[in-house]
1. Residues that are over 22 Å from the mean Cα position of the chain (by Cα) and surrounded by fewer than 20 Cβ atoms within 10 Å (Cβ to Cβ): which helices (runs of 4 or more DSSP H) entirely in the range B:197-277 hold 3 or more of them?
2. Testing A:A388 on (1) of a type in the set (A, V, I, L, M); (2) open to solvent by 10 Å² or more (accessible area, probe 1.4 Å); (3) away from every other protein chain (no Cβ under 11 Å), one condition comes back false. Which one is that?
3. Within the bounds of the range B:129-141, is there any residue that is without any contact (Cβ under 8 Å) to a residue 24 or more places away in the chain, within 21 Å of B:A250 (Cβ to Cβ) and assigned to a helix (DSSP H, G or I)?
4. Consider B:E47 carefully, then state whether it is buried (at least 17 other Cβ atoms within 10 Å of the Cβ), assigned to a helix (DSSP H, G or I) and within 13 Å of chain A (Cβ to nearest Cβ).
5. From the list A:G155, A:G138, A:G147, which residue is of a type in the set (G, A, S), touching a residue at least 12 places away in the same chain (Cβ under 8 Å) and surrounded by 21 or more Cβ atoms within 10 Å (Cβ to Cβ)?
6. Of the numbered conditions (1) in contact (Cβ under 8 Å) with a residue 40 or more places away in the chain; (2) over 24 Å from B:Y283 (Cβ atoms); (3) more than 14 Å from chain A (Cβ to nearest Cβ), B:R16 satisfies every one except a single condition; which is it?
7. Please go through the range B:50-66 and give me each residue that is over 24 Å from B:Q339 (Cα atoms) and outside any strand (DSSP E or B), ordered by number.
8. If A:E122 satisfies all but one of (1) surrounded by fewer than 19 Cβ atoms within 10 Å (Cβ to Cβ); (2) under 22 Å from the mean Cα position of the chain (by Cα), what's the number of the condition it fails?
Amino acid sequence: MPGDLKDGRIVIVGASLAGLRAAEALREEGFTGSLTVVGDEPHPPYDRPPLSKQVLLGQATADSTGLPMRQDPNADWRLGVRATGVDLLAKQVLLEDGESLPYDRLLIATGTRARPWPNPAEAALDGVFALRTREDAGGLAQRLTAGPERVLVIGGGFTGSEIASACRERGLEVTVAERGPAPLVGALGGTLSKLAAAMQRNHGVDLRTGVTVTALNGNGSFTGAELSDGSRVDADVCVVALGAVRNVEWLAESGLAAGPRGIACDAGCRAFNMYGIVTDDVFVAGDVSRFPHPLFGYQMLSLEHWGNAVEQAEVAAHNMVNPGPLQRPHLAVPSFWSTQFGLNIKSVGVPTYSDHVVIAQGSLEARRLAMVYGYQGRVTAAVTVDMAKALDYYRHLIETAAPFPPPPGAQDRAVAADLAIPSDVPDPKGLSHGPTVALTGYLPDRRLTLVQPG
Amino acid sequence: MASDTLLARITDYANRPDPYPLYAELREAGPVVRQADGSYLIGTYHEIVALLHDPRMSADPRSRTAPAPYEVTRKPSFLRLDDPEHHRLRNSAMRPFGPPHSPGRVDSMRGEIVQLTKELAEVFQEGRQIDVVDDFAYPLPVTVICRLLGIPDKDEQLFQDWTDTLVASADIGPEGDTAERDQAADQAQQEMGQYLVQLAEQRRGRPTGDMLSDLVNEPDPAARLSEEDLAANTILLFIAGHETTVNLIANGVLTLLRRPDQLDRLREDPSLLPRAVEELLRYEPPVHMRERVPLVDIDVAGTTIPGGTSVILALASGSRDPMRFSEPDRFDPTRPDNQHVGFGSGIHLCFGAPLARIEAEAALGALLPHLGTARLVQDPPPYRQNAMLRGPRHLPIQL
């Protein structure tokens, strides 16, 4: 029946967390039409957070992180095939094998890939790894088990720090080279990054900050690296953890608003075209998306968060099979977690959307705290270290735009709880590696010229 | 009737068999209901959850200034302490109990627990009358917690007497002479603590694989407990480790015998058991109320509650709030999105929840084959005195 949103053809491009959850949610929403999921990796959807933690520690194998299905979405899975383009007018997804998949509605959930080392010859040295896929993790875990002399980790973001933590837990020597003044500074700002730096050094990490790696050495096999301060690191394994690149190249000719910072969409996950006009049959979800969030000034957010992939996929799926007035916005408060060096770090809100912070509970010295971030006098984020159960309270403050600093009276209240200090978050223009959160409202990717189709 | 006496009516023993209409009355009276004695009663789901997560709410009875403060001489267990002391003690207890330091501890007991339930249920022949509480729901968790901690079976009775005294003093309500009750509790606390510390001492350097051994042989000096804290922690673990589970199991049997359709459903499909246990924790939870005290004046749903005031969170009411759960008074083991507050929430979230879940699952699983033809001898059964920790004192059934 034409116009019946519960029927028809839906194609999902991207077979990871967001793609799977969207497929499941479409069926839960009552979609009975044909469903095709395209993925460039040969595997069914799998979970990535364990790849930099349990897998590197040898507690789980790389091929054991398959995502459980809540229910079989009864989809046609096209795995190991890359999508190469979209024809919006003909409503077709083009595949690398020459096939084209017609759709009535399309969901793009192509996510990100590891940012590669810029010099391909150096990147090809044996012993140089990235960490994004199951194969990456399996290979790196195997190399760690073999007992290298030293591991060099390039980039002190969450992935780099988790890798360094796993190495130390396995008793391996590790050097972390970070361009910023401390690890995690890009996601959490200056104050907590000091704690991160202290934890790394306390756990025996050779932490080099304010440096970049200028060259990887080796003749066939990686042997070490040159740093921008003139020093060298001798190591036999190197992990490039410079963040992620959004998988948007295949959409270059599509006419969608797709650029290096992701594919722009509205609050209902509907993609914009290159002229800023919203589409009604192309939806976006997960790491590859860029969407406006009312709690953060409607700036376009890109989140590489597990939770965002799930929540946005569910909203996108809902909106794909419901008419306009019944559609709903993706308003979830961003959140993410990490475990490293024995610490459990959890975040809600957007720490980089801040001008000041206070340590509301606990302390840096106790290695247990709740740090609250504010922007122009209201609470916009909170990060806990080994205090995860406090997070719900701060989430509520963010949701209700509560005044910053948070009210007095909390248990384990820090002496510094009233002393708001600058949050020292980085200018997104200067980020050294892929951001956990990019606020991109005021950073147009490129100038567009209106072209009349011929 | 006036809602400012709801707490008195809820704690009135006459209403023990069915407090749920009173909870409905409470929710209808508003999210925050001031009581005649100056305390506040809260029975709506969202307010309860928010307050359980609010770091300005103290669990420490010594934070209370109104109504009339009672003398608390003993330092409370971590169940009733605030951070950072609460965290230090809870964390020390958690190290030998759960993740990340002892991830397999609870799950590794599953087989032993299933075996125990089988042995207990073996003698339940058709035609017999049994007391579900005395013959099953009580002995199971007591044996489990004794083995977990490392207490010899022969001393179980000793522990039973101490426990009864301590639980009685933890109740709220006007009846009885509290001075005498508190004195008895003090003494029980002391004796039980001494016993446990001595038992633990015997395992220093000679660990026997139980939690007492792990606690005295803790390798991390920062996580080691003083003698006083060791006593307080192990007493808490012992009591909390069985007291509520008894009620969970007994409430479960009672609920299923009252709902033969749901009982049949479970007998046909025992894979529903884990979800049935969650539904029991929502529908007939062992813990009905918890007390909290705001450290400063706080605003709850438009009402300012002054700092130092007793606030009673009616968890059992919250888990039946129609604003949160559809058809909350229906027992439905397949209920989706069952985020009950049966184990509380926030920093005091039930420490023993994973163990309680396994015990309840195993217990009901072992009883299911016997319940098809069973009937309640007495409905409602006689209840225990305690209004906060609610459950049948006896549950006679005819097999």
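The values are calculated or read from the model by the stated rules, or taken from the named source; none is laboratory data. Fair warning: this is a prediction, and the values are worked out from it, not measured in the lab. In this analysis, Cβ positions are derived from the backbone assuming ideal geometry, glycine residues included, and neighbour counts consider all displayed protein chains. Ligands, DNA and RNA are stripped out before the accessible areas are found, and what is left, the full protein with its side chains, is counted by its heavy atoms. Shrake-Rupley method; radii C 1.70, N 1.55, O 1.52, S 1.80 Å.
1. Working: elements: B:211-216, B:227-240, B:243-258, B:260-268.
In the range B:197-277, B:260-268 are the helices (runs of 4 or more DSSP H) which contain 3 or more residues that are over 22 Å from the mean Cα position of the chain (by Cα) and surrounded by fewer than 20 Cβ atoms within 10 Å (Cβ to Cβ).
2. All conditions are met except number (3).
3. Initial filter on the range B:129-141 (without any contact (Cβ under 8 Å) to a residue 24 or more places away in the chain): B:135, B:139.
Next, only the ones that are within 21 Å of B:A250 (Cβ to Cβ) stay: B:135, B:139.
When the remaining residues are screened for being assigned to a helix (DSSP H, G or I), the result is B:135, B:139.
Within the range B:129-141, one or more residues are without any contact (Cβ under 8 Å) to a residue 24 or more places away in the chain, within 21 Å of B:A250 (Cβ to Cβ) and assigned to a helix (DSSP H, G or I).
4. Numbers: buried (at least 17 other Cβ atoms within 10 Å of the Cβ): yes; assigned to a helix (DSSP H, G or I): yes; within 13 Å of chain A (Cβ to nearest Cβ): yes.
Yes, satisfied.
5. Values: A:G138 fails: surrounded by 21 or more Cβ atoms within 10 Å (Cβ to Cβ); A:G147 fails: surrounded by 21 or more Cβ atoms within 10 Å (Cβ to Cβ).
None of the other options fit; the residue is A:G155.
6. Exception for B:R16: condition (2).
7. So the first thing to find is which residues in the range B:50-66 are over 24 Å from B:Q339 (Cα atoms), and the list is B:60-66.
Once the filter is applied, which keeps residues that are over 24 Å from B:Q339 (Cα atoms) and outside any strand (DSSP E or B), the range B:50-66 yields B:D60, B:P61, B:R62, B:S63, B:R64, B:T65.
8. (2)
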